[in-house]
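Inspection log for the structure reproduced underneath, given as C-alpha coordinates.
The values are calculated or read from the model by the stated rules, or taken from the named source; none is laboratory data. Values in this document were obtained by computation on a predicted structure and should not be read as measured data. No Cβ is skipped: glycine too gets one built from the backbone with ideal geometry, and neighbour counts run over all protein chains shown. These accessible areas exclude ligands, DNA and RNA; they are computed on the full protein's heavy atoms, side chains included. Shrake-Rupley method; radii C 1.70, N 1.55, O 1.52, S 1.80 Å.
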Amino acid sequence: MSFKDILLALCVVIIWGVNFVIIKLGVTALPPLLLGALRFLFVAFPAIFFFKRPKVPLKLLLIYGLTISFGQFAFLFCAIRVGMPAGITSVILQSQAFFTLLLGAILLKESLQITHFIGMLIAVAGLTILAKGATTGGLDDIPLLGLIFTLIAGFSWACGNITNRMIMQNQGKEKCSALSLVSWSALIPIIPFFVSSWIFEGEQAISQGLAGFNWPVFGTIIYLAYLSTFVGYGLWGVLLGRYEAWKVAPFSLLVPLFGLSSSALFLDEHINSIQIAGLTLIMMGLIITLFGKKLIQYLRKA
(Lines give C-alpha, C1' and ligand atoms only; values in the text may rest on other atoms or scores of the structure.)
Protein backbone atom coordinates (compact mmCIF):
# COMPACT_ATOMS: atom_id res chain seq x y z
CA MET A 1 0.00 0.00 0.00
CA SER A 2 1.17 3.52 -0.69
CA PHE A 3 2.05 5.73 2.27
CA LYS A 4 -0.94 7.96 1.48
CA ASP A 5 -3.36 5.01 1.61
CA ILE A 6 -1.81 3.73 4.82
CA LEU A 7 -2.58 7.13 6.33
CA LEU A 8 -6.15 6.88 5.02
CA ALA A 9 -6.54 3.45 6.64
CA LEU A 10 -5.17 4.80 9.93
CA CYS A 11 -7.56 7.73 9.69
CA VAL A 12 -10.50 5.32 9.42
CA VAL A 13 -9.47 3.13 12.37
CA ILE A 14 -8.83 6.21 14.52
CA ILE A 15 -12.33 7.50 13.70
CA TRP A 16 -13.84 4.11 14.53
CA GLY A 17 -11.74 3.72 17.67
CA VAL A 18 -12.62 7.15 19.08
CA ASN A 19 -16.23 6.38 18.15
CA PHE A 20 -16.62 4.48 21.45
CA VAL A 21 -15.63 7.55 23.46
CA ILE A 22 -18.17 9.59 21.50
CA ILE A 23 -20.86 7.00 22.24
CA LYS A 24 -20.02 7.22 25.94
CA LEU A 25 -20.47 10.99 25.82
CA GLY A 26 -23.66 10.61 23.81
CA VAL A 27 -25.42 8.14 26.13
CA THR A 28 -24.47 10.34 29.09
CA ALA A 29 -26.36 13.25 27.54
CA LEU A 30 -29.27 11.36 25.93
CA PRO A 31 -31.15 8.11 26.61
CA PRO A 32 -29.34 5.43 24.52
CA LEU A 33 -32.31 4.36 22.39
CA LEU A 34 -33.21 7.97 21.64
CA LEU A 35 -29.58 8.57 20.63
CA GLY A 36 -29.82 5.59 18.27
CA ALA A 37 -32.97 6.99 16.67
CA LEU A 38 -31.38 10.40 16.11
CA ARG A 39 -28.15 8.87 14.81
CA PHE A 40 -29.91 6.90 12.06
CA LEU A 41 -32.27 9.77 11.29
CA PHE A 42 -29.19 11.83 10.44
CA VAL A 43 -27.64 8.92 8.52
CA ALA A 44 -30.72 8.48 6.33
CA PHE A 45 -31.49 12.15 5.72
CA PRO A 46 -30.50 13.75 3.44
CA ALA A 47 -28.33 10.87 2.14
CA ILE A 48 -31.20 8.96 0.51
CA PHE A 49 -31.72 11.92 -1.81
CA PHE A 50 -28.13 11.61 -3.08
CA PHE A 51 -27.66 7.83 -3.23
CA LYS A 52 -29.79 5.66 -5.51
CA ARG A 53 -31.87 3.02 -3.74
CA PRO A 54 -29.95 -0.27 -3.86
CA LYS A 55 -31.53 -3.07 -5.89
CA VAL A 56 -31.91 -5.33 -2.88
CA PRO A 57 -34.89 -7.54 -2.00
CA LEU A 58 -36.97 -5.75 0.63
CA LYS A 59 -36.80 -8.74 2.98
CA LEU A 60 -32.99 -8.72 3.01
CA LEU A 61 -32.89 -4.93 3.38
CA LEU A 62 -35.21 -5.16 6.40
CA ILE A 63 -33.15 -7.91 8.02
CA TYR A 64 -29.94 -5.97 7.38
CA GLY A 65 -31.32 -2.78 8.92
CA LEU A 66 -32.81 -4.56 11.94
CA THR A 67 -29.62 -6.49 12.72
CA ILE A 68 -26.53 -4.46 11.88
CA SER A 69 -28.20 -1.11 12.62
CA PHE A 70 -30.97 -1.54 15.20
CA GLY A 71 -29.84 -4.70 17.02
CA GLN A 72 -26.15 -3.84 17.12
CA PHE A 73 -26.43 -0.24 18.22
CA ALA A 74 -29.42 -0.64 20.54
CA PHE A 75 -27.48 -3.14 22.65
CA LEU A 76 -24.14 -1.35 22.19
CA PHE A 77 -25.51 2.01 23.34
CA CYS A 78 -27.36 0.39 26.26
CA ALA A 79 -24.23 -1.56 27.26
CA ILE A 80 -22.20 1.64 27.51
CA ARG A 81 -25.08 3.41 29.30
CA VAL A 82 -25.21 0.74 32.05
CA GLY A 83 -21.51 1.21 32.71
CA MET A 84 -19.55 -0.81 30.16
CA PRO A 85 -16.14 0.90 29.68
CA ALA A 86 -15.77 2.31 26.18
CA GLY A 87 -12.30 0.84 25.63
CA ILE A 88 -13.18 -2.70 26.71
CA THR A 89 -16.37 -2.48 24.65
CA SER A 90 -14.30 -1.80 21.52
CA VAL A 91 -12.53 -5.15 22.06
CA ILE A 92 -15.56 -7.26 23.01
CA LEU A 93 -17.52 -6.01 20.02
CA GLN A 94 -14.96 -7.77 17.81
CA SER A 95 -16.71 -10.99 18.86
CA GLN A 96 -18.68 -10.29 15.68
CA ALA A 97 -15.85 -11.98 13.76
CA PHE A 98 -16.37 -15.27 15.63
CA PHE A 99 -20.15 -15.10 15.40
CA THR A 100 -19.86 -14.37 11.66
CA LEU A 101 -17.74 -17.49 11.12
CA LEU A 102 -20.19 -19.69 13.04
CA LEU A 103 -23.27 -18.26 11.33
CA GLY A 104 -21.55 -18.55 7.94
CA ALA A 105 -20.89 -22.24 8.60
CA ILE A 106 -24.48 -22.88 9.77
CA LEU A 107 -26.47 -20.74 7.32
CA LEU A 108 -24.21 -20.48 4.26
CA LYS A 109 -22.42 -23.84 4.62
CA GLU A 110 -19.03 -22.14 4.66
CA SER A 111 -16.12 -24.31 5.77
CA LEU A 112 -14.26 -23.76 9.03
CA GLN A 113 -10.51 -24.30 9.38
CA ILE A 114 -8.67 -25.71 12.40
CA THR A 115 -7.19 -22.26 13.00
CA HIS A 116 -10.74 -20.89 13.35
CA PHE A 117 -11.50 -23.34 16.17
CA ILE A 118 -8.18 -22.64 17.89
CA GLY A 119 -8.72 -18.89 17.67
CA MET A 120 -12.29 -19.14 18.98
CA LEU A 121 -11.23 -21.32 21.91
CA ILE A 122 -8.50 -18.83 22.87
CA ALA A 123 -11.01 -15.97 22.60
CA VAL A 124 -13.55 -17.82 24.78
CA ALA A 125 -10.81 -18.37 27.39
CA GLY A 126 -10.04 -14.64 27.22
CA LEU A 127 -13.71 -13.76 27.59
CA THR A 128 -13.97 -16.04 30.63
CA ILE A 129 -10.97 -14.36 32.24
CA LEU A 130 -12.37 -10.94 31.39
CA ALA A 131 -15.70 -11.84 33.01
CA LYS A 132 -13.80 -12.89 36.14
CA GLY A 133 -11.90 -9.61 36.09
CA ALA A 134 -15.21 -7.77 35.84
CA THR A 135 -16.18 -8.70 39.39
CA THR A 136 -13.07 -8.20 41.47
CA GLY A 137 -14.77 -5.67 43.71
CA GLY A 138 -12.64 -2.77 42.49
CA LEU A 139 -13.44 0.57 40.92
CA ASP A 140 -12.55 -0.82 37.51
CA ASP A 141 -15.24 -3.52 37.59
CA ILE A 142 -17.44 -3.85 34.52
CA PRO A 143 -21.16 -4.70 34.76
CA LEU A 144 -22.10 -8.24 33.74
CA LEU A 145 -25.24 -6.90 32.04
CA GLY A 146 -23.08 -4.56 29.97
CA LEU A 147 -20.85 -7.46 28.94
CA ILE A 148 -23.88 -9.50 27.86
CA PHE A 149 -25.33 -6.56 25.94
CA THR A 150 -22.02 -6.06 24.12
CA LEU A 151 -21.91 -9.73 23.09
CA ILE A 152 -25.49 -9.48 21.79
CA ALA A 153 -24.42 -6.37 19.85
CA GLY A 154 -21.55 -8.39 18.33
CA PHE A 155 -23.98 -11.20 17.43
CA SER A 156 -26.33 -8.66 15.79
CA TRP A 157 -23.40 -7.26 13.79
CA ALA A 158 -22.56 -10.80 12.65
CA CYS A 159 -26.18 -11.36 11.55
CA GLY A 160 -25.86 -8.19 9.50
CA ASN A 161 -22.61 -9.45 7.97
CA ILE A 162 -24.29 -12.69 6.87
CA THR A 163 -27.23 -10.73 5.45
CA ASN A 164 -24.76 -8.52 3.58
CA ARG A 165 -23.21 -11.60 2.01
CA MET A 166 -26.67 -12.80 0.96
CA ILE A 167 -27.35 -9.37 -0.55
CA MET A 168 -24.12 -9.49 -2.54
CA GLN A 169 -24.90 -13.02 -3.73
CA ASN A 170 -28.31 -11.82 -4.97
CA GLN A 171 -26.82 -8.91 -6.88
CA GLY A 172 -26.58 -9.02 -10.63
CA LYS A 173 -23.99 -7.19 -12.68
CA GLU A 174 -24.92 -3.88 -11.04
CA LYS A 175 -23.47 -4.03 -7.52
CA CYS A 176 -24.89 -1.68 -4.91
CA SER A 177 -22.40 0.62 -3.22
CA ALA A 178 -21.74 0.34 0.49
CA LEU A 179 -22.84 3.93 1.10
CA SER A 180 -26.08 3.36 -0.79
CA LEU A 181 -26.84 0.30 1.33
CA VAL A 182 -25.93 2.13 4.55
CA SER A 183 -28.05 5.16 3.65
CA TRP A 184 -31.23 3.33 2.68
CA SER A 185 -31.00 0.65 5.36
CA ALA A 186 -30.75 3.48 7.93
CA LEU A 187 -34.45 4.18 7.31
CA ILE A 188 -35.38 0.84 8.86
CA PRO A 189 -34.16 1.22 12.49
CA ILE A 190 -35.52 4.76 13.01
CA ILE A 191 -39.06 3.74 13.99
CA PRO A 192 -37.99 0.72 16.11
CA PHE A 193 -35.55 3.01 17.98
CA PHE A 194 -38.20 5.67 18.64
CA VAL A 195 -40.80 3.07 19.70
CA SER A 196 -38.31 1.26 21.96
CA SER A 197 -37.25 4.56 23.48
CA TRP A 198 -40.89 5.44 24.19
CA ILE A 199 -41.57 2.02 25.79
CA PHE A 200 -38.36 1.45 27.76
CA GLU A 201 -37.05 4.96 28.44
CA GLY A 202 -40.35 6.77 28.75
CA GLU A 203 -41.84 10.06 27.67
CA GLN A 204 -40.23 11.98 30.51
CA ALA A 205 -36.69 10.78 29.71
CA ILE A 206 -37.21 11.61 26.04
CA SER A 207 -38.52 15.08 26.88
CA GLN A 208 -35.63 15.76 29.24
CA GLY A 209 -33.11 14.53 26.68
CA LEU A 210 -34.50 16.71 23.91
CA ALA A 211 -34.82 19.69 26.27
CA GLY A 212 -31.11 19.42 27.09
CA PHE A 213 -30.15 19.18 23.42
CA ASN A 214 -27.19 21.51 22.82
CA TRP A 215 -24.23 21.95 20.49
CA PRO A 216 -22.02 19.27 22.15
CA VAL A 217 -24.86 16.74 21.85
CA PHE A 218 -25.41 17.79 18.23
CA GLY A 219 -21.68 17.34 17.60
CA THR A 220 -21.85 13.83 19.06
CA ILE A 221 -24.65 12.86 16.67
CA ILE A 222 -22.83 14.42 13.73
CA TYR A 223 -19.71 12.40 14.59
CA LEU A 224 -21.69 9.14 14.84
CA ALA A 225 -23.78 9.77 11.72
CA TYR A 226 -21.26 11.36 9.36
CA LEU A 227 -17.67 10.83 10.49
CA SER A 228 -18.09 7.28 11.75
CA THR A 229 -20.55 6.23 9.05
CA PHE A 230 -19.99 8.12 5.81
CA VAL A 231 -16.33 9.16 6.13
CA GLY A 232 -15.37 5.84 7.71
CA TYR A 233 -17.25 3.58 5.31
CA GLY A 234 -16.45 5.83 2.36
CA LEU A 235 -12.68 5.75 2.86
CA TRP A 236 -12.77 2.04 3.72
CA GLY A 237 -14.65 1.35 0.49
CA VAL A 238 -12.08 3.34 -1.50
CA LEU A 239 -9.26 1.26 -0.01
CA LEU A 240 -11.06 -2.03 -0.69
CA GLY A 241 -11.51 -0.86 -4.28
CA ARG A 242 -7.77 -0.25 -4.68
CA TYR A 243 -6.32 -3.28 -2.87
CA GLU A 244 -7.05 -6.90 -2.08
CA ALA A 245 -9.14 -7.36 1.07
CA TRP A 246 -6.29 -9.07 2.93
CA LYS A 247 -4.17 -5.92 2.64
CA VAL A 248 -6.90 -3.70 4.10
CA ALA A 249 -8.59 -5.96 6.66
CA PRO A 250 -5.68 -6.15 9.17
CA PHE A 251 -6.03 -2.43 9.88
CA SER A 252 -9.41 -3.15 11.54
CA LEU A 253 -7.50 -4.88 14.35
CA LEU A 254 -6.20 -1.43 15.33
CA VAL A 255 -9.74 -0.22 16.17
CA PRO A 256 -9.66 -1.74 19.68
CA LEU A 257 -6.17 -0.30 20.20
CA PHE A 258 -7.43 3.22 19.49
CA GLY A 259 -10.62 2.48 21.41
CA LEU A 260 -8.65 1.52 24.53
CA SER A 261 -6.11 4.35 24.23
CA SER A 262 -8.68 7.08 23.52
CA SER A 263 -10.91 5.94 26.40
CA ALA A 264 -7.92 6.03 28.74
CA LEU A 265 -6.92 9.48 27.45
CA PHE A 266 -10.32 11.19 27.32
CA LEU A 267 -12.39 9.24 29.86
CA ASP A 268 -9.62 8.23 32.29
CA GLU A 269 -10.73 4.59 32.14
CA HIS A 270 -8.54 2.04 33.90
CA ILE A 271 -8.11 -1.68 33.26
CA ASN A 272 -6.95 -4.14 35.92
CA SER A 273 -4.38 -6.88 35.29
CA ILE A 274 -6.97 -9.67 34.99
CA GLN A 275 -8.90 -7.69 32.38
CA ILE A 276 -5.67 -7.01 30.46
CA ALA A 277 -4.96 -10.76 30.35
CA GLY A 278 -8.48 -11.48 29.10
CA LEU A 279 -8.35 -8.74 26.46
CA THR A 280 -4.94 -9.97 25.25
CA LEU A 281 -6.25 -13.51 24.77
CA ILE A 282 -9.31 -12.22 22.91
CA MET A 283 -7.13 -10.24 20.50
CA MET A 284 -4.80 -13.24 20.06
CA GLY A 285 -7.80 -15.41 19.28
CA LEU A 286 -9.05 -12.85 16.77
CA ILE A 287 -5.68 -12.66 15.00
CA ILE A 288 -5.37 -16.47 14.81
CA THR A 289 -8.95 -16.78 13.56
CA LEU A 290 -8.54 -14.20 10.82
CA PHE A 291 -4.95 -14.77 9.73
CA GLY A 292 -3.85 -18.15 11.16
CA LYS A 293 -4.19 -20.04 7.88
CA LYS A 294 -2.26 -17.42 5.91
CA LEU A 295 0.44 -17.32 8.59
CA ILE A 296 0.88 -21.12 8.44
CA GLN A 297 1.12 -20.99 4.64
CA TYR A 298 3.70 -18.21 4.87
CA LEU A 299 5.82 -20.15 7.38
CA ARG A 300 5.70 -23.28 5.22
CA LYS A 301 6.92 -21.35 2.19
CA ALA A 302 9.69 -19.77 4.26
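Sorting 242, 39 by accessible area puts them as 242, 39; the probe is 1.4 Å, largest comes first, and only protein heavy atoms count. Protection proxy ranking of 272-278, 98-104, 149-155, by the mean of other Cβ atoms within 10 Å over each peptide's residues and highest first, is 149-155, 98-104, 272-278.
Could you tell me whether the range 147-302 comes out rounded, prolate or oblate from its Cα gyration tensor? Rule is a ≥ b ≥ c as square roots of the eigenvalues, rounded for a/c under 1.5, then prolate if a/b exceeds b/c, otherwise oblate.
Cα axes put the range 147-302 in the oblate bin.
Ranking of 269, 110 by solvent-accessible surface, largest first: 110, 269 (1.4 Å probe, protein heavy atoms only, all chains present). Protein heavy-atom surface of the chain, 1.4 angstrom probe: 72% of the accessible area is carbon and sulfur, with nucleic acids and ligands not counted. Taking the centroid of alpha carbons for each part, the range 224-300 and the range 173-209 are 26 Å apart.
Taking the square roots of 5 times each eigenvalue of the Cα gyration tensor of the chain, largest first, gives ellipsoid semi-axes of 29, 26, 18 Å. The listed residues 166, 84, once ranked by accessible area (1.4 Å probe) with the largest placed first, stand as 166, 84.
With a cap of 13 neighbouring Cβ atoms within 10 Å, and only residues DSSP puts in a loop, list the chymotrypsin sites (Phe, Trp or Tyr not before Pro) found in the range 1-76.
Within the range 1-76, the qualifying chymotrypsin sites (Phe, Trp or Tyr not before Pro) (loop, at most 13 other Cβ atoms within 10 Å) are 50.
Size descriptor for the range 51-144, Kirkwood hydrodynamic radius: 15.9 Å (Cα pairs only, one decimal). Relative to the current alpha-carbon distance between residue 294 and residue 29, full extension at 0.36 nm per residue lengthens the span by 90.9 nm.
For the range 140-232, the set of trypsin sites (Lys or Arg not before Pro) satisfying both a DSSP loop assignment and a count of at most 15 other C-beta atoms within 10 Å is given as 173, 175. Candidate membrane-span-like segments in the chain, meaning DSSP H helices with Cα atoms spread over at least 24 Å of their own axis and a Kyte-Doolittle mean of -0.5 or above, are 3-29, 114-133, 144-170, 273-301, with no membrane implied.
Relative contact order for the chain: 43 percent, from Cα pairs under 8 Å spaced at least 6 residues apart, divided by residue count.
Based on protein heavy atoms only, the chain ends up with 49 Å² per residue of surface accessible to a 1.4 Å probe.
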